[in-house]
Amino acid sequence: MGFSFIDTSAIVTSQPLKDWGLLTEPITNAAGQQIHYAQGKTLGGSSAINTMSYVRGRKGSYDKWAEVEGDNDYMFENMLPYFRKSVHLTPPDEPKRNNSNVTVVYDPAGFSDNGGPLQVSWNNYVDPTITWLTKIIEEGAGLSLSDVGFQKGELVGHGAWLPGTIEPIKGQRSSSENSFLAGAIPNTGITVYILTQATKIIFDDVPIPHATGVTVNSLGAEYKFWAKKVAPAADGVGLDIPVVSRLDGVDQNLHDPIQIFAAYQLNTPSAQTLVGNPELEPEILQHLHNGSGPYSSAAGYMAFEPIPSAYRARLSNNTLAKLAVYSDD
């Protein structure tokens, strides 16, 4: 329960520097609608436009992955050290959050004192409306506050105040660009070309093709890159990329998690209404001054509820068969 910067409705937002503006094919089970499929078009990819919520997957999903692949390295407990290694956790700044009704609970063992470079922390602002919503979730739905958070592979049946990919001092987004990439550039000597799009992989002309380079477009000019040289080509580029080697199964079976929201209009202040008010110059200055206030708000509170048995019984056999593929947790 935070808010994103890229709308995923059928109305494509006008942010061409950040988003590819992709639309799905018409979806049969969504009344034939085409949905905006938000994908980041910038350094950092979709980590530059997402809701910044930092939640690890369920134990069962990773253990199922290990079972399918016959490789226990994919089990959650074996993946956890790499999760811990990749992020640097900063505990919540309670004075900046300034809300005595909220208790952030997490297990420090889910993180490492030496982790990084991705910054993970909690908002320096608590949305007052969400504090009431948490009570509804806990008392009405019976989803208690988790005593370890959502970083140990246990999600269903609990709620938690989510950490986000937030640089805590300035209260700004920590993306893969300003964390992993920023650290790799001085340490590896790689060169990053901005405003440049790779359009084609170049293969050599042998019975079993090998990739030898890449074609890119930069500000309307096309270039070919090889390991040790760059050769300019004709201006303009087409994207009619021929199939060099057809491999059945490639580009198939992607499971991208989706969320479906039921939205209700509120008459209480929230982070969205505050940020959307052009008259809130003091709040803007507050964010610029010490990284707090509503403009530092991203991830909020989330709870995971299993499908109740009464509702599950109404599902079709086809739907139940598809759900059975997933782990019980």
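The values are calculated or read from the model by the stated rules, or taken from the named source; none is laboratory data. Note that the coordinates shown come from a computational prediction; the quantities given were computed from them, not determined experimentally. Here the Cβ is made from the backbone with ideal geometry for all residues, glycine too, and neighbour counts use every protein chain on show.
Among the residues of region 65-72, are any surrounded by 13 or more Cβ atoms within 10 Å (Cβ to Cβ), in a loop (DSSP other than H, G, I, E, B), in contact with a helix residue (DSSP H, G or I) (Cβ under 9 Å, 6 or more places away or on another chain) and not acidic (Asp, Glu)? Don't jump to the end; show me each part of the working.
Initial filter on region 65-72 (surrounded by 13 or more Cβ atoms within 10 Å (Cβ to Cβ)): 65-67.
Now narrow it down to the ones that are in a loop (DSSP other than H, G, I, E, B): none.
Checked against the condition, which is being surrounded by 13 or more Cβ atoms within 10 Å (Cβ to Cβ), in a loop (DSSP other than H, G, I, E, B), in contact with a helix residue (DSSP H, G or I) (Cβ under 9 Å, 6 or more places away or on another chain) and not acidic (Asp, Glu), region 65-72 yields no hits at all.
If we scan region 224-244, do we find a residue that is outside any loop (DSSP other than H, G, I, E, B) and at pLDDT 70 or above? Talk me through it step by step, then tell me what you get.
Within region 224-244, the subset outside any loop (DSSP other than H, G, I, E, B) is 224-225, 230-235.
Narrowing further to those that are at pLDDT 70 or above: 224-225.
Yes, some residue in region 224-244 is outside any loop (DSSP other than H, G, I, E, B) and at pLDDT 70 or above.
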*Please tell me if Ser176 is touching a His at 6+ places or on another chain (Cβ under 6 Å) and either in the same structural domain as Asn123 (by TED's automatic domain parsing) or closer than 28 Å to His287 by Cα (or both).*
no
*Using beta carbons and a limit of 8 Å, which pairs, at least six apart or on different chains, have the first residue in region 119-145 and without any contact (Cβ under 8 Å) to a residue 24 or more places away in the chain and the second one among the hydrophobic types (A, V, I, L, M, F, W, C) and surrounded by fewer than 21 Cβ atoms within 10 Å (Cβ to Cβ)?*
Glu138/Leu145
*How do the strands (runs of 3 or more DSSP E) wholly within region 104-212 filter down when requiring 2 or more residues that are buried (at least 16 other Cβ atoms within 10 Å of the Cβ): which remain?*
118-120, 158-161
_Among the residues of region 36-60, what is the count of those that are buried (at least 17 other Cβ atoms within 10 Å of the Cβ), part of a helix (DSSP H, G or I) and either touching a helix residue (DSSP H, G or I) at 6+ places or on another chain (Cβ under 9 Å) or in contact (Cβ under 8 Å) with a residue 60 or more places away in the chain (or both)?_
4
*Assuming Gln272 fulfils every condition listed in (1) assigned to a loop (DSSP other than H, G, I, E, B); (2) modelled with pLDDT under 85; (3) within 23 Å of the chain's Cα centre (by Cα); (4) farther than 26 Å from Val156 by Cβ apart from one, which condition is it?*
(1)
_Just to verify a result, which residue in region 11-34, among those that are touching a strand residue (DSSP E or B) at 6+ places or on another chain (Cβ under 9 Å) and modelled with pLDDT under 85, is surrounded by the fewest Cβ atoms within 10 Å (Cβ to Cβ)?_
Ile11
*So His287 clears everything in (1) assigned to a helix (DSSP H, G or I); (2) closer than 29 Å to Gln172 by Cβ; (3) without any contact (Cβ under 8 Å) to a residue 24 or more places away in the chain except one condition, right? Which one?*
(3)
*asked:* Taking the condition of being without any contact (Cβ under 8 Å) to a residue 40 or more places away in the chain and aromatic (Phe, Trp, Tyr), how many residues in region 97-115 meet it?
replied: 0
